[in-house]
Amino acid sequence: MTAAILSVRDLTVTFGTREGPLTAVDGVSFNVHRGEVLGLVGESGSGKSVTGLAILGLIDAPGQIAGGSIRLEGEELVGKPEGELRRLRGKRLAMIFQDPMTTLNPVLRIDTQMIEAVRAHDKVSEKAARARARQALVQVGIPSPDERLTAYPHQFSGGMRQRVAIATALLHRPAVLIADEPTTALDVTIQAQILAEVQNLCTETGTAMVWVTHDLSVIAGLADRIAVMYAGRVVETGTVADTLERPIHPYTAGLIASVPSRNKRGVPLAQIPGMTPSLGRLPPGCPFHPRCPRATAVCKSVIPAATPYEASRSARCHHPLLGPETVAA
Amino acid sequence: MTPLISLTDVSRRFTKPLDAAEKVANLFGAGLKEQVVRAIDAVSFDVAEGEVVGLVGESGCGKSTLGRVVAGILDPSAGQVTFQGRDVAGLNARERRAADLAIQMVFQDHMAALNPRKRVVEIIGEAPVVHGLVPASGMEAYVAEVMRTVGLDPATRQRYPHQFSGGQRARIGIARALAVKPKVLVCDESTAALDVSIQAQVLNLFMDLRRELGLTYIFVSHDLGVVEHISDRVAVMYLGRIVELSPTEALFEAPNHPYTQALLDEVPKLDARKRKFSALKGEIPSPLNPPSGCHFHPRCPHAFDRCKVDRPALKAIGPGRFSACHLNDEDDPRPGKAVSDGAVLAA
């Protein structure tokens, strides 16, 4: 197997609060290869967005990366000075956010913003930069790009704005793109258009992508691999097909079961009882145990370690839904 | 049997009047006109007692406005809304209030819908006391009972909304609506902001309440999975009009209108692996300036000349099924979507 473009090992992010440090991301590890899409799935507060921000070095005080390593094509990013990170961001690492209106500057025209993004990393003439911006808009399917370049963000619809944000993120053909719920606020037909374009672009440019979302159905159609997060930890990873068809962790199984379309109409939905715990008051042992139908005494005291299963799967559970014969040697 | 709620050719327009500068400009012959949005454009449908009707569509299609008109929060600009067989516009003040109380709304953003400075006991208990449903002395006991109905611990009734989680706030919003003993709940994206595991809990609560209290629901949502799960019938809206109205199973098995077909195709599904997303072209047009004829024709793969001129009527295409598409009058070019002959009746 080729070396991963992005390799995250034991990443830990803490936030200082009055009640002491909160661990938002706790020992997260994963690899992403060239052209691969990793779906990072979890509910609110699971640490999925913070993981994405940490990769770009965008954790601000009171937060800090307390440990672990993030390697981009072998190069360590944790502890890199801000100036060097700036040269990477937008060039080899890029990010798209949920709300494009907060990504784009409302008082600058689209061309100003995109040309600035091109020239921030490449010494090219303004004319050449404009041509590249125009080309990027064409790629993401924006009609009449010449007129659209001179427009302001508020003149675009939500879907078009997100396309502009994606076009800007892909200007430098980054090695890794972090996408934090970029289609959550969009209608299904627009979401499908954006997913189609992102899919094409990543295939063409070989960009590896980390797609952060709470929506398992989007991941099912888009990603190659999946990492399920709960209370700051990755509780299960594997290929999308394995994970969704034969989940190992009871939390993954519960998430899949509570998607309405998986259930018979009129029959009560399978639900996970209780709610996601607050990070400040995590239960001892496996943080999922108060909601878990398989929990026993050991779950209340011992945090389960990441255990490998089958070829390329891993899960943290004392009572996995797959038998011991599937544990990888 | 008379339907519980009946809408006949209901329209709702929003007008932006000319401001002073524009009026002055008009004196000099600028010819500026008021901008009118037809949020709902001559919509008719019935809701039977005990039924769950799902309203789906993309942003700006008018589904929330329609929900609000049904709930009596907005008055229709034209057309007739009847509740229990009586025209709502013709009711006297007391009858109107009874009708308004009988149809309650549950909103999307529960943090915005609940007064942050009031305790839960006041939020839930205020309306039933004001409307004389319970005496002020019995409020605490009544609130405790309502809280138990929606799965909240009555011991938390002295807390403020911010002290609850998102799922619990959704339950408070539902409890507030239930406190005035409504017959109908209009749920406007009530589970959209919740995590899937919490959404499942709230959807189950809606279904339990329906069984226990015999409630009727209008369920407004952009999430087709949720609507498919909870609704008996589904109305699909596009730019202010209902384009298809059908029992849920039939709609999801064999959608008739090209827009419904496209919409169902776009829904990401859990069992579709690494699929190729092939998108419906274009975006929903501005409701300020909707296309002529069938609103969907610029995006429709089957559009022909008549679609650009004639507004298609919502016609019966099968038992309980209605669709507003000219293709149902023609030799149907859509593969496998031919409608059995004789099924086309005037609506």
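The values are calculated or read from the model by the stated rules, or taken from the named source; none is laboratory data. Bear in mind that the values here come from a model prediction, so they are computed numbers and not experimental data. Positions of Cβ are generated from backbone atoms using ideal geometry, with glycine treated the same way; all protein chains shown enter the neighbour counts.
Per-structure values
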{"quantity": "Wholly within region B:25-88, strands (runs of 3 or more DSSP E) carrying at least 1 residues that are at pLDDT 90 or above and under 27 Å from A:ALA185 (Cβ atoms)", "calculated": "B:35-47, B:52-56"}
{"quantity": "Residue satisfying condition, being in contact (Cβ under 8 Å) with a residue 60 or more places away in the chain and touching a His at 6+ places or on another chain (Cβ under 7 Å), within set B:VAL180, B:VAL184", "calculated": "B:VAL180"}
{"quantity": "Members of region A:186-221 found to be in contact with an Asp or Glu (Cβ under 7 Å, 6 or more places away or on another chain), of a type in the set (A, V, I, L, M) and more than 9 Å from chain B (Cβ to nearest Cβ), listed by number", "calculated": "A:ALA208, A:VAL212"}
{"quantity": "Count - residues of region B:193-220 that are more than 10 Å from chain A (Cβ to nearest Cβ) and among the polar types (S, T, N, Q)", "calculated": "1"}
{"quantity": "Unmet criterion (only one of (1) more than 8 Å from chain A (Cβ to nearest Cβ); (2) of a type in the set (Ser, Thr, Tyr); (3) not in a loop (DSSP other than H, G, I, E, B)) for B:SER190", "calculated": "(3)"}
{"quantity": "Boolean, A:THR276 is surrounded by 15 or more Cβ atoms within 10 Å (Cβ to Cβ), modelled with pLDDT of 90 or more and either over 23 Å from A:SER44 (Cα atoms) or within 14 Å of chain B (Cβ to nearest Cβ) (or both)", "calculated": "no"}
{"quantity": "Yes/no for B:ALA170 being free of Cβ contacts under 8 Å to residues at least 24 places away in the same chain and among the aliphatic types (A, V, I, L, M)", "calculated": "no"}
{"quantity": "Selection status of A:GLY266, free of Cβ contacts under 8 Å to residues at least 40 places away in the same chain and closer than 24 Å to A:THR23 by Cβ", "calculated": "no"}
{"quantity": "Filter pass, A:GLY27 being touching a strand residue (DSSP E or B) at 6+ places or on another chain (Cβ under 7 Å), crowded, with 16+ Cβ neighbours inside 10 Å and in a strand (DSSP E or B)", "calculated": "yes"}
{"quantity": "Neighbours by Cβ (under 9 Å, 6+ apart or cross-chain): first from region B:282-310, over 24 Å from A:ARG163 (Cα atoms); second of a type in the set (Asp, Glu) and surrounded by 18 or more Cβ atoms within 10 Å (Cβ to Cβ)", "calculated": "B:HIS295/B:ASP41"}
{"quantity": "Identity of the residue in region B:231-273, at pLDDT 90 or above and facing chain A (nearest Cβ under 8 Å), that ends up farthest from the chain's Cα centre (by Cα)", "calculated": "B:GLU249"}
{"quantity": "Checklist (1) buried (at least 19 other Cβ atoms within 10 Å of the Cβ); (2) over 18 Å from the mean Cα position of the chain (by Cα); (3) farther than 18 Å from B:SER221 by Cα applied to B:LYS183, failing item", "calculated": "(2)"}
{"quantity": "Some residue of region A:149-158 being at pLDDT below 85 and on the phi < 0 side of the Ramachandran plot", "calculated": "yes"}
{"quantity": "All positions within region A:130-154 that are under 20 Å from A:ILE96 (Cβ atoms), free of Cβ contacts under 8 Å to residues at least 60 places away in the same chain and part of a helix (DSSP H, G or I)", "calculated": "A:ARG132, A:ALA133, A:ARG134, A:GLN135, A:ALA136, A:LEU137, A:VAL138, A:PRO145, A:ARG148, A:LEU149, A:PRO153, A:HIS154"}
{"quantity": "Top-ranked residue of region A:176-225 - restricted to ones that are hydroxyl-bearing (Ser, Thr, Tyr) and not in a strand (DSSP E or B), ranked as nearest to A:VAL32 (Cα to Cα)", "calculated": "A:THR207"}
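Let's see how each residue does on (1) under 19 Å from A:THR207 (Cα atoms); (2) in contact with a Gly (Cβ under 9 Å, 6 or more places away or on another chain); (3) exposed (fewer than 15 other Cβ atoms within 10 Å of the Cβ); (4) of a type in the set (Ser, Thr, Tyr):
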site: A:LEU77; (1), (2), (3), (4): yes, yes, no, no
site: A:GLY83; (1), (2), (3), (4): no, no, yes, no
site: A:ASP111; (1), (2), (3), (4): no, no, no, no
site: A:ARG132; (1), (2), (3), (4): yes, no, no, no
